Amino acid sequence: MTITLGELAVRFGCELRGDPAAVVDSVASLSQAGDRAVTFLANPKYVAQLKDSRAGAVITDARSAASSPVPVLIAANPHATFARVAGLLYPEPPLNPGAHPTAIVASDAHIHPSAEIGAYAVVGAGARIGARCLIGPHSVVQRDVSCGEDTRLVARVFVGHGVTIGSRCIIQPGAVLGGDGFGFANEKGTWVKVPQVGSVTVGDDVEIGANTTIDRGAIEDTVIEEGVKLDNLIMIGHNCRIGAHSALAGSVGIAGSTTLGKRCIIGGQVGITGHVTLCDDVAVLGTSFISHSISKPGVYSSALPAEEAGTWRRIVARIKRIDGTVRRLRAVEKHVGFSAQDQDSSED
Amino acid sequence: MTITLGELAVRFGCELRGDPAAVVDSVASLSQAGDRAVTFLANPKYVAQLKDSRAGAVITDARSAASSPVPVLIAANPHATFARVAGLLYPEPPLNPGAHPTAIVASDAHIHPSAEIGAYAVVGAGARIGARCLIGPHSVVQRDVSCGEDTRLVARVFVGHGVTIGSRCIIQPGAVLGGDGFGFANEKGTWVKVPQVGSVTVGDDVEIGANTTIDRGAIEDTVIEEGVKLDNLIMIGHNCRIGAHSALAGSVGIAGSTTLGKRCIIGGQVGITGHVTLCDDVAVLGTSFISHSISKPGVYSSALPAEEAGTWRRIVARIKRIDGTVRRLRAVEKHVGFSAQDQDSSED
Amino acid sequence: MTITLGELAVRFGCELRGDPAAVVDSVASLSQAGDRAVTFLANPKYVAQLKDSRAGAVITDARSAASSPVPVLIAANPHATFARVAGLLYPEPPLNPGAHPTAIVASDAHIHPSAEIGAYAVVGAGARIGARCLIGPHSVVQRDVSCGEDTRLVARVFVGHGVTIGSRCIIQPGAVLGGDGFGFANEKGTWVKVPQVGSVTVGDDVEIGANTTIDRGAIEDTVIEEGVKLDNLIMIGHNCRIGAHSALAGSVGIAGSTTLGKRCIIGGQVGITGHVTLCDDVAVLGTSFISHSISKPGVYSSALPAEEAGTWRRIVARIKRIDGTVRRLRAVEKHVGFSAQDQDSSED
C-alpha cells in the first residue's frame, strides 16, 4: 500500500519536516532506503549515517532530525513509531472467516464466525476460539482450549487440552503449549510418571517463537503473563511463571517452578534453575546461568567470552588449579609475615 | 472420578490413618488442597507445612504422618504413590480404536484393532502398530516403523523409516525420531553427505519430550534404552546410546557416538561431546559441559552461577589474565626464597 | 542393490586391490562389516583395526591399504568416497511425481511435473517448486515460496511466505524457515512488535536439521549461503548471514544480524551474540560463547570441562574471589619490594 507522509504524521502524532504529499510504500534500512521507503534512526550514536540517506522519510528524534537531508518524521520513540508504520504498510493478510473444508472442528467447539480455521487444523471438543482468531494450517488445538480475540496460531501449533490463551497473541510455527511437564518419581532406580494435571495460561499480547515449548503444570498452571515475548526454541518447564512484559531470547531454558518478575530481559541460551524467583526488572546476559533467586533488579552475567583455543586451554588449566594457587599465596604471606587485610584472607 | 480413601489404601498398599469412607476426586499441592483433594509430602524438611493442610488426604511416610491434622496414607515412597494415585484420578481419555477417516494408512501396515490412528496421521508401508497404541493427529510414521503396545504418540510426532519403539512409551508433540544424523565428509572445503543408513531403537517405558530430536545412526542404530526419560528440546546425535532409566532435562545436547550408562541424571542445557562414555549412575548439574569419558559414578559440574554483571566483568578480566597472575606468584616465591610444596609449584 | 567392486572402482575412480567380480550390497562399520559390506578407514591412526576386518571391501588410502587382509578400494579421500558409495547403495526412495490427492496446492502455484507433493502438504499461491523436489507430508509452504531442483522437505517442514530455497537442499522434519524474527520496540516497559518484512534466502546444497529455526529478516533477508550444513535445534536469528560451506552442530544459537564467514565450523550449543562478524575459516569449540567479532581464522573456545562437583564448587568459590586474590598478591609484592615485570602488574 501507499501513504503520504502527511497521513503518517497525523496518524502517528509526529512532527513532519518535509512535503506532506510525498508518498511512501515500504520500509528499508537506513543505508538501503530509496525515495519510496521509510526508515528510522533511534540511536543518536549513528547520526552520522543520516547524511547519506536517500530515504523517502526518516523517523527519528528531534535532536537527530537536524542532520537529515531527507524528510523527517519526529517521534519521541522512533523505533516504536517505525514499528507502527511498518505494521500499517505491511498488513497481515486478511482472514478467510470460517473453517477450511479440511479442518476438523468438534461439533461443540465454539468458533467465532469471524475466526479462520485453516487447512487440516484440528479443533477439539469444547474449545472456544474468539473473534478474528487464526488457527493456522496443521494446528492441533485439543479439547477445552480457549483463545481470546485476534490471536494468531501461524501454522502447525500444538495447544494441549485446557490451555488458555489471551487476545492478540501470536504463536509461531512448531510451538508446543501444554505438553506434559517433566515429572517423575524415582522408585528404586526407575521412574514413575507423575500425571501432569495442571495446564498453561497465556495472557494477552504474548508472542511465542517457533518450536518453543511450554509445559503444562504438574498440579497448578504454568503461567505466561501479558505482554511476554518468547523467542524460538525456548523451554519453559512446568509451573513456571513468566512476569508481564518480560522478553526471553532464543534457546533459553527455564526449569520447573521458577518465577520471573515483570519486565525481565533474558539473553539467548540463558539457563535458569528450578524453584527460584527473579524479581522485576532483572536482565541476564546471554549464555549465563542463574542458580539462585535474585531479589535486586539489575544486570547479571556468568558469560565467558571465547579466546583463541590454545590460550583458553592454558586458562582452563590455571582455573582447575586455582585452589592450589591461592594456598601458595597464603603460604608466601605467612612466610614473609605479611597479609593484606583482605576480605579473602580469613577464608583460606 | 471419585474414590474412597479405603480403596486407595488397599489398591496402593498404604496404611490409612483416617476415615476409609471419605471420598476424594482430585490432586492438589499441599498448600492448595481442599477436602476432596489428595496431596503428598515426600521431603520431611517441609513437614512444618503439614500442620496447616486442609487436604482430603496426605500421602507421606510414617515419620511425617504424626504431624498431619488430616487423613494420612502412609507410603514407603510418597512421591511414587502420589504419582499412581494421580494416574488413577486422571485417566488418559479412552482410545477410539481404529483409524480416523482422514488417516492415511498403507494397505500393508499392520495396525492392531485396538490401536487408534488419529486425524490426518500418515502411516507408511510395513509399519507395525501394537495393541492400544495411539498414533496422534498429524503424526507421520514412515515405512517399516514398529511400535510395541500401549505407546502413545500424542500429536504431530515424526517417526522415520525403520525406527523401532517399545511398549508404554509416551512421545510428546513435535518430537522427531529418526531424522538424518549429521554426517558429512569434508572434501576440499565442501561437504559430501554421508547417507545415514542406521535407524533408532527406543526401549519400553521411554518418554520423549516436545520437539526433542533423536537422529538415526550413521550405520548402526541410535539406541534409547528402556525407562529413559527425555525432556523437551533435547538433541541426541547419531549413534548415541542412552542407558536404561536415565533422565535428561530440557535442552540437553549430546553429540554423536556418545554412550551414557544406566540411571544417569543430566541437568538442563548440559552439553556432552561426541565419542565419550559415561558410566552408570553419573549425575551432571545443569549447564555443565562434559568433554571426556567418566568412569566413576558421582556428580559432575562446570556450571558457573551468575553475578551482578559489573562484578562478573571484573572476574572475567582476572580469569583472562590468570596465567600472568600465577607467574607473578612464582616470581615472588623465588624472590623470597620460599615456595609451598604445593602440587602446583612444579608445574610453573 | 548389489554392485561389483569393479563397478565401484570405475565409478568412483579408485584403484581396486581385490576381485573385481566380488559383489557388495551394504555398508557397515569397520568392526561389523561382513563379506557383502563396504566399510572405510579414513584415519591412519586406526590402521591396526584393519587386520581383523572381514569386510567385502575397505575404502582407504594408499598407505593404509597394505595392512588390509580384504579387498581395498584406494581413494584420496576415503570418507568422501565412502559417502558416495553409501549414496549409491542406499538410494532415496523414488519420487511419486504429482500431488497426493490430499495435498492442497494453490491454483497458481507452479509445480514442476516431476516434483512430489506429499500427503496433507499445503502449498500457497505463487509458490514455485522445481524439478524433482519433494514437499514431504504435512509440510506447509506459504505463498511465493521458491524451491530450486532436487530439494527435499522430508516432512512437516514449515516454509514461510516469500522464502527462497536453492537446489539439492535437504530439510529435515520440524524445521521452520521464515518464522518472524524477534523484533520489538520497547515503549515505556511494554513491547511493540516490529513487523518482520524481510524473508529467508537459502542457497544450493544446504541441509537443515530437525526442528531448527531460521527467522525471516526484519527488513532485508536472513541468508544461508550455499553448501551450509545446519544440525538440529539450531536457532538462526533474523538478518544473520551464514557463509558458504559452514557447518553448525546441534543446538547452536546465533542472535540477530550476525555474519559468519565461509567454511566456519561451529560446535554444539555454541552461542554467538548479535551484530558480530566472524571471518572465514573460524572454528568454535562446543558450548563456547562468542561475544565479539573475530577477524583472524583459527580455533576459539570458552568451553569449561566439568569436574567432580565438590571440586568444582571449590573452584567456583575461588573464581568468585579472584579479584581479592590478585589484590593480595599485589600487596605481598609491595611488601617484599619485588614485582615481576609482568604485563599484569601495571593493571592492578
Output field shielding_mean for C:86-92 (other chain Cβ, 10 Å radius) holds 3
Here the FRET efficiency for residue B:308 versus residue C:313, based on Cβ atoms and R0 = 22 Å and rounded to 0.05, is 0.65
Taking every residue of B:211-222, the Cβ atoms of other protein chains inside 10 Å of its Cβ average out to 5
Under the 7 Å Cα-to-Cβ spin-label approximation, residue B:15 and residue C:275 lie apart by a distance in nanometres of 6.6
By the Cα gyration tensor axes a ≥ b ≥ c (a/c under 1.5 gives rounded; else a/b larger than b/c gives prolate, otherwise oblate), the shape of chain B is oblate
Taking the label point 7 Å from Cα along the Cα-Cβ vector, the copy-to-copy distances for residue C:10, listed from shortest in nm with one decimal, are 8.0, 8.0
Mean separation of Cα contacts under 8 Å (at least 6 apart) over the residue count of chain B, i.e. the relative contact order in percent, is 6
Using alpha-carbon positions, the gyration tensor of the protein assembly as shown gives root eigenvalues a ≥ b ≥ c; with a/c under 1.5 called rounded, otherwise prolate if a/b exceeds b/c, else oblate, the class is rounded
For the stretch A:1-76, shape from the Cα gyration tensor axes a ≥ b ≥ c, cut at a/c of 1.5 then a/b versus b/c, turns out oblate
At the level of C-alpha centres, the distance separating the stretch A:215-252 and the stretch A:177-194, in angstrom, is 20
Here FRET efficiency (C-beta to C-beta, residue B:92 to residue A:66, R₀ 51 Å, nearest 0.05) is 0.15
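Given an 8 Å cut-off on Cα distances and at least 6 residues of separation, report the relative contact order of the stretch C:194-348 as a percent.
On the way: 383 pairs, mean separation 18.4, N = 155.
In percent, rounded to a whole number, it is 12.
When you count, for each residue, the other Cβ atoms within 10 Å and take the mean per peptide, how do B:315-324, C:53-62 rank with the highest first?
C:53-62, B:315-324
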Sorted shortest first, the nm distances from the residue A:34 label point (7 Å along Cα→Cβ) to its counterparts in the other copies are 6.6, 6.6
Inter-copy distances for residue A:66, nm, shortest first, label points 7 Å along Cα→Cβ, are 8.1, 8.2
For the table A:45/C:188; A:320/B:193; A:229/B:320; B:188/C:45, the rows whose alpha-carbon distance is greater than 28 Å are A:320/B:193; A:229/B:320
Taking B:238-244, B:297-303 and ranking on average Cβ neighbours within 10 Å, highest first, one gets B:238-244, B:297-303
Taking every residue of A:116-123, the Cβ atoms of other protein chains inside 10 Å of its Cβ average out to 4
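Of the DSSP beta bridges with both residues in chain A, give the percent that are antiparallel, rounding to the nearest 5. Show your work: numbers first, answer last.
Working: 9 of 75 bridges.
Counting only bridges with both partners in chain A, antiparallel ones make up about 10 percent.
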Expressed as a whole-number percentage, the relative contact order of the stretch C:195-239 with C-alpha contacts under 8 angstrom and at least six residues apart is 46
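Would you mind getting me the FRET efficiency between residue C:3 and residue C:51? Use the beta-carbon distance for r and R0 = 22 Å, nearest 0.05.
With a Förster radius of 22 Å, E is 0.30.
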By the mean-Cβ-within-10 Å protection proxy, highest first, B:10-21, C:152-163, C:183-194 rank as C:152-163, C:183-194, B:10-21
The set of residues whose placed amide H lies less than 5 Å from the amide H of residue B:149, leaving out same-chain residues fewer than 5 positions away, is B:167, B:168
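Throughout, read-outs are computed from the coordinates displayed, never taken from laboratory work. Treat the numbers as computed from the prediction; the structure is a model and nothing was measured. Heads up, the Cβs are rebuilt from the backbone with ideal geometry, glycines too, and the neighbour counts pull from every protein chain shown.
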